[in-house]
1. Where the centroid of each part is defined by its Cα atoms, how far is the range 33-110 from the range 308-377 in Å?
2. Calculate the length of the line joining the C-alpha centroid of the range 176-205 to that of the range 440-515, in whole Å.
3. May I ask for the angle, rounded to the nearest 10°, between helix 2-13 and the longest principal axis of the chain, with both axes built from Cα atoms and the value confined to 0 to 90°?
4. Mind checking the range 102-165 for trypsin sites (Lys or Arg not before Pro) that DSSP puts in a loop (not H, G, I, E or B) and that have at most 15 other Cβ atoms within 10 Å?
5. Please state the relative contact order of the range 476-521 as a whole percent: Cα pairs under 8 Å, 6+ residues apart?
6. Can you work out the FRET efficiency for the pair T360 and I15, with r the C-beta to C-beta distance and R0 = 60 Å, to the nearest 0.05?
7. Give me the accessible area of I562, 1.4 Å probe, in Å² rounded to the nearest 10.
8. Would you calculate a helix-derived [θ] at 222 nm for the chain, using -39,500 (n - 2.57) for each DSSP H run of n ≥ 4 and dividing by the full residue count, to the nearest 500?
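The values are calculated or read from the model by the stated rules, or taken from the named source; none is laboratory data. Just so it is clear, the model here is predicted, and its values are computed rather than measured. Neighbour counts are summed over all protein chains in view; Cβ atoms, including those assigned to glycine, are modelled from backbone coordinates with ideal geometry. These accessible areas exclude ligands, DNA and RNA; they are computed on the full protein's heavy atoms, side chains included. Shrake-Rupley method; radii C 1.70, N 1.55, O 1.52, S 1.80 Å.
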Amino acid sequence: MNNLTETHKETDDSIKELTNAQRFALALKRNSVKYIFGQSNPQTIMLACADLGIEQIGFRQENAGSYMAQAYAMCSGSVPVVAAQNGPAATLLVPGLAECLKASHPVVALVDDVPISEEEKNSFQDLDHIKLFSGVAKWVKKIPLEARIEDYVDMAFTAAASGRPGPAVLLCPKDLTFDTKKNPVRTERKASLGNYPLDRTTADSERIEEAAKLLVNAERPFIYAGGGVISSRATDVLRQIQEECSIPVATTTMGKGSVDEEHALTMGPIGYYMGKGGATKYLKPMVQTADVILLVGNRTNQNGTDSWSLFSKDASIIHIDIDPMEVGRNYESLRLVGDAKLTLTALKNALLRNSLDKRTKARPSIEETIEKARVAHIEEAKTIQNTDVSPIKVERFLAELEKQLSDDHIIVADASFSSIWLANYIKAKGNRKFIFPRGLAGLGWGLPLAMGAKVAQPDRKVFCLAGDGGFAHVWSELETCKRHGIEVVVAVINNEVLAYQKLAELARWGRNTSACDLTAVDHSKVAEACGVKGIRVDSSEKIAGALKEAFETKGSVVLDLISDPTSIPPLPFMSVLQNV
């Protein structure tokens, strides 16, 4: 009888009197949520979360908030939460969710919705959010009644973190969230679904053995690592395969950092930017003549394959990916569908069960080829990286930046030229972490990504490179940096032009549209107006001192880099402009 009484008491202890908003907050906390990127809405949920110690990062605009959430996921391994009011605020989440969908980053979006009783009545800011988000999210659902709150919160995190990670949108009707009456609720759930990858699976063991045999018997194999390697936390095992099995590794832009670029068997980033000045320009023949290529977490997209022209048509392709639709999408492949970390671990074991004599014997020659290519790149870039001309050449700035970045820096790029410059001129070494918005490559991601990274990793320094076109989309978030004490250093390539757009038009058509040219903006004064430090860098002699000052400053800093608008990155199709 006593045992029955104790059991009954324990059950009673799991029942609490809670409002619906408090139920949301407890479910979010159980799923490891520490921050919500939001602007007060859904109101009652935000208030309840604050009571539990979940901090709101109050952005100035929802699109920037979704970019912050993306980088938070990339730097924490946790599923972030971004929130928005219904209607126009909700529509501003679309670009960020689209980027996360394409680039496979998890995020849960909590979106206000009109009361269920007011649907289809032209209620204030009523919108069909399910249709709005259906093209940019893995999962979009509306909570139908209060009894299912915990179920739907858990489903949202499961959708975001499982399989190929991506966005999940949970619509929160206001008749639920605004209901302040307390009801008895069981709170015995323990499961936390807020870290990813949530469920890991391994590819077929027979196919793994077949892949191992292809690699050990190949004449000229290499591994092409994409962003999925980093998302899966598979960098350690990839590096073990590189070293222990003597197989060279190249990376996509998003895969940069998966291997150390100072390792003798690291080729570096490859794709569409292997033209003049490109870090891997002189390794293009090695890529083009490979007979076996192992793709890992790699979408084989247009930029990463130079419009699908980079590999030999005779090459055998092995493809590891969590998404079966990506495997074989553009290249007929030996299909290894599974989590990158587990599948690479199984592949490493299979490789070690085979004779690696062929790989070991080929290693000195491969290392020599890679080293010669590195030396040739350094020699080709030397003149421009040492020039003191004004306006400043971007390559000159990057040469000094490379010297001053720590081996533990988080390095963030905006889209467009900023991504190309950092991919080619800043080394992945030590514990450096790189963040690129390459899912859709939209402008304006840079600063918010840097902010989200800093929130996730407050003890690491964060540097961001952005063009003046992209920075203009989001400079209002400098005030957010000031208000929340988010410390990042942002260098703005101030060349008064939408450079990629203009140079691409000139290369293709011989003239450019008028919108490419911008008026002069002093970004150091914009920074100061927002309460953060601004440093104007208008000559090469000032670069070193400005970077040193920025990295030593407490608080965010904007470096306004007065740059040459004719700095041309290593894109082969722009080579026609070299002498213009």
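1. 36
2. Between the Cα centre of the range 176-205 and that of the range 440-515, the gap is 35 Å.
3. With both axes taken from Cα atoms, the answer is about 70 degrees.
4. On the way: sites: K102, K121, K131, K138, K141, K142, R148; in loops: K121, K138.
Answer by residue number: K121.
5. Answer for the range 476-521 is 34 percent.
6. E(calc), rounded to 0.05, equals 0.40.
7. 40
8. Taken over the chain, the calculation gives -12000 deg cm²/dmol.
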